[in-house]
């Protein structure tokens, strides 16, 4: 029993360290997208919120991943511009491996369904978007955790 809780605590620390900033940015993006399209049809609002969520989240996560690799270079090598294309490609590979399958399902099926279904069922756009976003995020992070384990098995850290 202790091993389950220590594993869950480790996963929660990892998530908060690596994805909390991206998640907060994605909520900001969803709110901005919904606010921007507030006078449109509710399906359009859901899709604009979905697109803004995608852009804000991956911008934040990609910048964070780049910062980690640049920090690992060390102070003496940061001026070496030949290192940066490799850093960018490794960062891109890690983001794609961690989120690729989950994001493909999330962006095409799960999130559009949740962001259009929940406002319709709840009857309120604001609370429906929040419920839909949280439901889609739960499914997304479950698939991302499984993808990350696969990346670690194939590529190492």
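No value in this document is a laboratory result; all are computed from the given coordinates. Since the model is a prediction, treat every value here as computed from it, not as a measurement. As a convention, Cβ positions derive from the backbone with ideal geometry for all residues, glycine included, and neighbour counts pool all protein chains shown.
Starting from the Cα gyration tensor of segment 106-149, take the square roots of the eigenvalues, sort them a ≥ b ≥ c, and report rounded, prolate or oblate (rounded when a/c is under 1.5, otherwise prolate if a/b is larger than b/c, else oblate). Because a/c hits 1.5 or more and a/b exceeds b/c, segment 106-149 counts as prolate. Note on residue 96 and residue 138: the model spin-label points, each 7 Å out from Cα along the C-beta direction, lie 3.2 nm apart.
Spin-label model, residue 20/residue 117: points 7 Å from Cα along the beta carbon direction are separated by 3.1 nm. In terms of other Cβ atoms within 10 Å, 25, 114 run from fewest to most in the order 25, 114. Among 137, 53, 124, the ranking by other beta carbons within 10 Å of each residue's beta carbon, starting with the fewest, stands as 124, 137, 53.
First measure r as the distance between the Cβ atoms of residue 41 and residue 105, then evaluate 1/(1 + (r/R0)^6) with R0 = 35 Å and state the FRET efficiency to the nearest 0.05. Result of the calculation: an efficiency of 0.90.
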